[in-house]
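**Student:** Quick one: the structure is below, questions incoming.
The values are calculated or read from the model by the stated rules, or taken from the named source; none is laboratory data. The shown structure was predicted, so the numbers you read here are calculated from the model rather than taken from an experiment. Virtual Cβ from ideal backbone geometry, glycine too; neighbours counted across all protein chains shown. Heavy atoms of the whole protein, side chains included, go into the accessibility calculation; ligands, DNA and RNA do not. Shrake-Rupley method; radii C 1.70, N 1.55, O 1.52, S 1.80 Å.
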Amino acid sequence: MGTQTASEAFFDYAKRFDVWRRRFPYRLWYRVRYPRDLARVLCLNAPRGKDELIALYELGRSASAEGSIVEIGSFHGSSAAALALGSRKGNHPRIYSIDPYEPFAPPDSRRTYGPHDRVFLLRTILSAGVAEDVWLINLPSVAASRAWSGPISLLWIDGDHSYEGAKADFDAWSPFVIPGGLVAFDDTTDKNLGPWRVIDEALQTGQFERHAAHGKIAVLRRQIGTSQHVASAAQMQAT
């Protein structure tokens, strides 16, 4: 029971070959036009669009070595891979990818997320060759933040897109973002989703300014002051 028949195995391989055949011209085009690492990002079998993968690659490349890159919401790993490959071309800060992979069914989606998605995550990380650069943390975002003490140069929030979820992620992790550090959000063009409101509230504090936008991704920059968490971490490291 559970063993593929010869016919099922044949159709499985045929399906994989067909996917590879249809993607091959794009793979060749990316490798001709883009640098090797960026081409590898674009060749990922990812649901995220090309422009957003390029944006994440560039964010990883520009991230300061003074702090880590923290990703909230790993899903199938394309974002983590893009950030890691970009980081290698820049200052090479470490990437921490946080996702509990607990069963979760958003009210506005027919899809259920859960442990089965880790299979695709691991495949992506391995195929992109970034297993040594991405540190996986299988904990809820807020729980993981309670054990965190280091500075963050880039925070990528792509977890629960409800207002409550996005706000909890931002409130838990943004205090660790260094002055001049970046906070990027996914799905920011829909006013009915949480990131839109969280960004508006962050701008009203005066601590963040708009830095860039790439499709559905919006990037904020911490412009003044140093958070208590970052100051405490820096003090602990100095002593």
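**Student:** Give, to the nearest whole percent, the P(r) tail of the stretch 37-165 beyond 25 angstrom, counting all Cα pairs.
**Tutor:** The share of Cα pairs beyond 25 Å in the stretch 37-165 comes to 20 percent.
**Student:** Can I ask one more? Around Ala212, which amide H atoms from residues at least 5 apart in sequence, or from another chain, sit under 5 Å from its own amide H, with H modelled in the peptide plane?
**Tutor:** Placed amide hydrogens put Val219 under 5 Å from Ala212.
**Student:** Given a 1.4 Å probe, how much area per residue of the stretch 46-181 is accessible, in Å²?
**Tutor:** Ligands and nucleic acids excluded, the result is 44 Å² per residue.
**Student:** If r is the Cβ-Cβ distance from Arg146 to Ala213 and R0 is 41 Å, what FRET efficiency results, to the nearest 0.05?
**Tutor:** 0.85
**Student:** Right, next: Counting only the backbone N, which residues of the stretch 49-85 are under 16 Å from the spot 7 Å out from the Cα of Leu139 toward its beta-carbon?
**Tutor:** 70-74
**Student:** Can you order the peptides 166-177, 146-157 by their average number of other Cβ atoms within 10 Å per residue, highest first?
**Tutor:** 166-177, 146-157
**Student:** How much solvent-accessible surface does His211 expose, in Å² to the nearest 10, with a 1.4 Å probe and all protein chains in place?
**Tutor:** 100 Å²
**Student:** Could you pull the accessible area for Tyr96 with a 1.4 Å probe, rounded to 10 Å²?
**Tutor:** 40 Å²
**Student:** Between Arg88 and Leu203, how high is the FRET efficiency from 1/(1 + (r/R0)^6) when r is the Cβ-Cβ distance and R₀ = 35 Å? Nearest 0.05.
**Tutor:** It comes out at approximately 0.65.
**Student:** While we're here: On the full set of protein chains, 1.4 Å probe, figure out the accessible area of Thr189 and give it in Å² to the nearest 10.
**Tutor:** Estimated to the nearest 10 Å², Thr189 gives 90 Å².
**Student:** What distance in nm lies between label points placed 7 Å from Cα along the C-beta direction at Gln223 and Arg111?
**Tutor:** About 3.5 nm separates the two model spin labels.
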